[in-house]
Amino acid sequence: AYVTYGVTPQLTAGIGFFVPYGLGTKWPDTFEGRFNGYDNDLRSLYFQPTLAYQVHPMIAIGAGFDFALGSVTLTQRVDLSVQGVPGQTVTFGNLGIPFHTDFADVKLEAHNATGFGGNFGVLFTPHEAVSIGARYLSRVKLTYNGEATFEQIPTNIVLPPGNPISVALGLDPTQPLPIDPLLTAQFATGAPLGAQTGDASITMPDQISVGLAVSPTNALTVLAEWQWVHWALFDTLRLDFGNLDAADDPVLTESYQNTNGIRLGLEVMASDRLTLRGGYLHHQGAAPPETVTPLLPEGTRNEFTGGLGFRISDRITADVAYQYIRQYKRRGRVAEREPGMTATEVINELNSGLYKFNAHLFGVTLTAAF
């Protein structure tokens, strides 16, 4: 949503409300990648008051302030096989528990994270039929302070007498060993899997856009734009859990790469009231192959758009749009990388999932002038 007001013929004030970054992924809780995340949501809402001034008949500049409000929800299962046996230096997997054995469900929720940034833009019109614009949106750091809750999931595993876990824990080796009662203590208040605070910081990247609009006739406008996004800022993500020592806090390696996008558009005035539009977008994916996970399995994509605008009256215009997104298929992992694994090892050993994605998007805009 955007509102602008012409203070003087040269000065305009405006405020915008939009979401430049956000994601949501939801998978079945039986999905192979549930240990990376199966129900996740990340939102960053930007409120942007801005001023623009016509400093020259051919040059206008604008600058504004950005207030960002963020929220995050991360949900995933916890694999018993990779957990350490209490009081021992081995994992449950080392002692025979199968890989990807669900024993806990963890949900991290944080809301009302705030951050501040700014934006700057310039519009150059060397000819009435040619416009060149550029915009910079600064990075914004959001610090999330939330709550992490852990729910025990019964494994119903009962190990036979003489099992190595009973021996390792000094229990009676002649008796069967139910695993679940042994794990319950991990969910008590103050225990590693008890309810606790969960904090994280994410820097929303800065971006640069440069665009060109050319109108060879009064009825035709051709548009082109290049966009660069500083995704390399998203390198690692540390989750700080209140009941864990700092050395035990999980650190997710993302290693995102900067991206470039190209956008082309065409607008035709079919009549005094009707405008037809079409476009094409190509955008790179930020995640390298070794960090493509169920959390955000994005990749390089092509997008095709179409729409029309209709002037209902001298003051009101309605626009409708359609966009089809087709993302390239790409391999990704459904298991966490082990410490020390190289990117090549991750790609060759863990990228067992083939992610495919497409989407149909529809939009409606109503513009009113007063």
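The values are calculated or read from the model by the stated rules, or taken from the named source; none is laboratory data. Quantities reported herein were computed from a predicted structural model and do not represent experimental measurements. Cβ atoms come from the backbone with ideal geometry, glycine included; neighbour counts cover every protein chain shown. Calculation scope for accessible area: heavy atoms of the full protein, side chains included, ligands and nucleic acids excluded. Shrake-Rupley method; radii C 1.70, N 1.55, O 1.52, S 1.80 Å.
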query = Which percent of Cα pairs goes in each bin when the distances of the range 27-128 are cut into 10 angstrom slices starting at zero?
reply = 13, 23, 18, 15, 13, 10, 6, 2
query = How large is ³J(HN,Hα), in whole Hz, for each residue of the range 107-116 in order, when computed from phi with the Karplus curve 6.51 cos²θ - 1.76 cosθ + 1.60 and θ = phi - 60°, using x for Gly and Pro?
reply = 10, 10, 10, 9, 10, 6, 6, 10, x, 9
remark   = GNM on the chain, Cα springs under 10 Å; top mean-square fluctuation among N36, N358, N145 goes to N358
inquiry  = Residue by residue through the range 86-100, what is 3J(HN,Hα) from phi via Karplus (6.51 cos²θ - 1.76 cosθ + 1.60, θ = phi - 60°)? Round to whole Hz and write x for glycine and proline.
reply    = x, x, 10, 9, 10, 9, 4, x, 4, 9, x, 6, x, 4, 6
inquiry  = I need the per residue convex hull volume for the range 181-264, using only the alpha carbons, in cubic angstrom as a whole number.
reply    = 151 Å³
ask   = Can you list the lysines whose alpha carbon sits under 17 Å from that of K107, skipping same-chain ones fewer than 8 residues off?
value = K26
ask   = Just the Cα atoms of the range 180-230: what Rg and Dmax do they give in Å?
value = 27.2, 77
key: Mean separation of Cα contacts under 8 Å, 6 or more apart, over the residue count of the chain: relative contact order %   = 11 percent
note = Quick shape summary for the range 277-370, equivalent ellipsoid via Cα gyration tensor, semi-axes whole Å in descending order, reads 42, 12, 9
ask   = Excluding ligands, DNA and RNA, what is the solvent-accessible area per residue of the chain at a probe of 1.4 Å, expressed in Å²?
value = 54 Å²
ask   = Can you work out the base-10 log of I(q)/I(0) for the chain at q = 0.09, 0.14, 0.15 1/Å, using the Debye formula on its C-alpha atoms alone?
value = -0.67, -1.28, -1.41
Gained length - L361 relative to V222, 0.36 nm times residue gap less alpha-carbon distance = 47.8 nm
note = Given unit charges at Cβ for Lys, Arg (+) and Asp, Glu (-), the dipole magnitude of the chain about its Cα centre in debye, nearest 20, is 1400 debye
inquiry  = Please report the carbon-and-sulfur percent of the accessible area for the range 149-267; probe 1.4 Å, protein heavy atoms only, DNA, RNA and ligands left out.
reply    = 60 percent
ask   = Which loop GluC sites (Glu not before Pro) in the range 110-171, with loop taken from DSSP, have no more than 10 other Cβ atoms within 10 angstrom of their Cβ?
value = E128
request  = Enumerate the amide H contacts of T259 below 5 Å, restricted to partners 5 or more residues apart or on another chain; note that Pro and chain-start residues carry no placed amide H.
outcome  = V229, W231
